[in-house]
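The values are calculated or read from the model by the stated rules, or taken from the named source; none is laboratory data. Computed from a predicted structure; not experimentally measured. Here the Cβ positions follow ideal geometry from the backbone for every residue, glycine too, while neighbour counts run over all protein chains shown.
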Amino acid sequence: MQDKQYLMIPGPTPVPPAVTAAMSKPIIGHRGDEFARLHKRIVEKLQRVFQTRNDIFVVTHSGTGALETAIANTVSPGDKVLSLITGNFGERFANIARAYGAELIAVEFGWGNDVDLGVVEEKLKEHPDIKVVLATQNETSTGVVNDIAGIGALVAGTPALLLVDGVSGVGAIEIKVDEWNVDMLCVASQKALMLPPGLAMVTASEKAWEIINKNQSPRFYFSMPAYKKSYEKLNTAYTPGVSLFYGLEAALDMMLAEGMPNVFARHALLTRATRAAIKEIGLKLLAEDRCASNALTAVWSPEGIGADEIRKVAKNHYGVAFAGGQGILKGKAMRIAHMGFCDKTDILVAVGALEMALARVGYPVQLGAGVRAAQEVFLGRS
Ligand SMILES: *Cc1c(COP(=O)(O)O)cnc(C)c1O
């Protein structure tokens with residue numbers, strides 16, 4: 001067991017030293033001017049990252065709390081909800097809607113596939129009374145990215161709202177909330193935004209507010225009208241995670257200094273190198289190139305070797321943590337995250353450790369083949 005750890009899981013992710021340092025500042029009261037100014041700056045910076053002029057609420061929830069906030073404020077019992085499911089997190093979003101009494105139209109596209117826009121168009125036509133559409137930007141269980149622009153264009157032509165789970169995608173993969181007609185976007189701190197767990201963000205369009213204000217579902221801690229009333233005074237309805245607010249501003253400053261196009265290009269490059277390495281090692285990728293996520297890469301474990309066995313060796317002998325498969329992929333796949341505070345050398349470490357772990361569990365790996373493939377990508381030779 002080695003002490004030095006390399007966290008390559010899709011949340012929580014490594015936190016940059018500048019963010020940790022910012023979070024160690026003395027606590028301030030959240031009803032004072034200093035917090036109000038910090039809050040205002042954060043919302044303005046988030047609007048740049050999310051590409052929106054809509055309201056943004058920074059809430060002290062986990063990602064699931066953001067999803068529940070979006071549902072609790074828009075889904076009234078008996079409402080028709082179209083749920084576009086591409087894996088575990090799409091299922092969770094649907095389950096939250098079900099808990100709030102939705103009449104669910106759940107469409108399963110299969111784990112490893114992305115949303116088929118033709119099917120979305122068909123369902124919207126078939127059920128013109130759909131109130132809410134649920135989509136996942138980056139399906140963390142399979143490493144698939146969905147076409148939110150395409151879904152948004154279809155939903156915008158209907159009275160329905162588009163709610164997007166961007167928990168693990170935003171910050172790694174571009175999202176244009178306004179241009180793509182995303183009525184509500186849900187994000188969390190501990191994925192590509194490079195913070196510890198504990199904060200989440202929810203946006204709301206004008207179209208969303210019309211529904212939120214009429215919503216019949218019971219809600220208290222998740223009440224968005226309460227969030228809005230407090231935000232008008234640059235306050236939060238309840239005590240926020242003040243230290244995480246400091247950290248959030250530091251993380252946003254890092255991203256904006258790098259430049260959002262560069263942040264997205266870095267994630268794309270890390271993905272290309274990871275996928276090249278996995279192919280060279282001889283393992284199979286879960287997602288096709290067409291819909292592969294730039295935030296994480298899901299990999300099938302080789303015939304006859306359990307994914308969890310490989311992960312255990314990588315963790316115990318080399319300190320590298322990969323994530324396991326979820327749901328139907330349990331034991332069969334593993335996930336390598338390359339989101340947030342992640343760079344080229346992290347990928348070389350991950351691939352090198354994976355090769356050694358595979359060798360130890362008896363997979364015939366040619367040592368260095370994957371590392372070399374990644375290096376070739378980074379040197380611009382492939
Ligand atoms: C991590 C994740 C969530 C859940 O977030 P929690 O912070 O664990 O509640 C939801 N959706 C997606 C896509 C995620 O990756």
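Some points to look at:
- Residues that are touching a Leu at 6+ places or on another chain (Cβ under 6 Å), within 16 Å of the ligand (Cβ to nearest atom) and over 21 Å from Q326 (Cβ atoms), drawn from the stretch 61-100: A70
- Residues of the stretch 172-182 that are of a type outside the set (S, T, N, Q) and either surrounded by fewer than 22 Cβ atoms within 10 Å (Cβ to Cβ) or more than 12 Å from the ligand (Cβ to nearest atom) (or both): E174, I175, K176, V177, D178, E179, W180, V182.
- Members of the stretch 156-171 found to be within 16 Å of the ligand (Cβ to nearest atom) and either farther than 19 Å from V75 by Cβ or not assigned by TED's automatic domain parsing to the domain that holds G198 (or both), listed by number: S168, G169, V170, G171
- Residue pairs meeting the criteria (Cβ under 6 Å; at least 6 apart or on separate chains; first assigned to a helix (DSSP H, G or I), in the stretch 156-181; second not charged (D, E, K, R)): A156/N181
- Within the stretch 225-242, tally of residues that are in a helix (DSSP H, G or I) and closer than 13 Å to I42 by Cβ: 2
- Any hit, the stretch 247-261, residues being of a type in the set (A, V, I, L, M, F, W, C), more than 27 Å from G143 (Cβ to Cβ), more than 24 Å from the chain's Cα centre (by Cα) and at pLDDT 95 or above: no
Every residue, every condition in (1) at pLDDT below 95; (2) acidic (D, E); (3) surrounded by fewer than 20 Cβ atoms within 10 Å (Cβ to Cβ), yes or no:
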residue: D114; (1), (2), (3): no, yes, no
residue: V119; (1), (2), (3): no, no, yes
residue: V133; (1), (2), (3): no, no, no
residue: N138; (1), (2), (3): no, no, no
residue: S141; (1), (2), (3): no, no, no
residue: N146; (1), (2), (3): no, no, no
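- Boolean, I305 is surrounded by fewer than 17 Cβ atoms within 10 Å (Cβ to Cβ), of a type in the set (A, V, I, L, M) and in contact (Cβ under 8 Å) with a residue 12 or more places away in the chain: yes
- If you filter the stretch 183-202 down to residues that are more than 10 Å from the ligand (Cβ to nearest atom) and within 29 Å of M8 (Cβ to Cβ), you find that the one that is surrounded by the fewest Cβ atoms within 10 Å (Cβ to Cβ) is P196.
- Residue within the stretch 279-299 that is under 20 Å from F341 (Cβ atoms) and in a helix (DSSP H, G or I) present: no
- Residues considered: S83, S76. Of these, the only one that is at pLDDT 95 or above, of a type in the set (S, T, N, Q) and farther than 20 Å from A188 by Cβ is S76.
- Selection status of S223, under 15 Å from A70 (Cβ atoms), crowded, with 16+ Cβ neighbours inside 10 Å and not aliphatic (A, V, I, L, M): yes
- Which numbered condition F222 misses (of (1) in contact (Cβ under 8 Å) with a residue 40 or more places away in the chain; (2) farther than 13 Å from T74 by Cα; (3) assigned to a loop (DSSP other than H, G, I, E, B); (4) not small (G, A, S)): (2)
- Scanning the stretch 134-155 for residues being within 16 Å of the ligand (Cβ to nearest atom) and either of a type in the set (D, E, K, R) or not in a strand (DSSP E or B) (or both) gives a total of 10.
- None of G241, G198, G169 is within 30 Å of L117 (Cα to Cα), among the small types (G, A, S) and at pLDDT 95 or above except G169.
- Matching entry among K131, K125 (being away from the ligand (no atom under 11 Å from the Cβ), closer than 30 Å to Y238 by Cα and in the same structural domain as A21 (by TED's automatic domain parsing)): K131
- Selection of strands (runs of 3 or more DSSP E) fully inside the stretch 30-114 by the criterion of at least 3 residues being within 18 Å of N213 (Cα to Cα) and in contact (Cβ under 8 Å) with a residue 60 or more places away in the chain returns 55-59.
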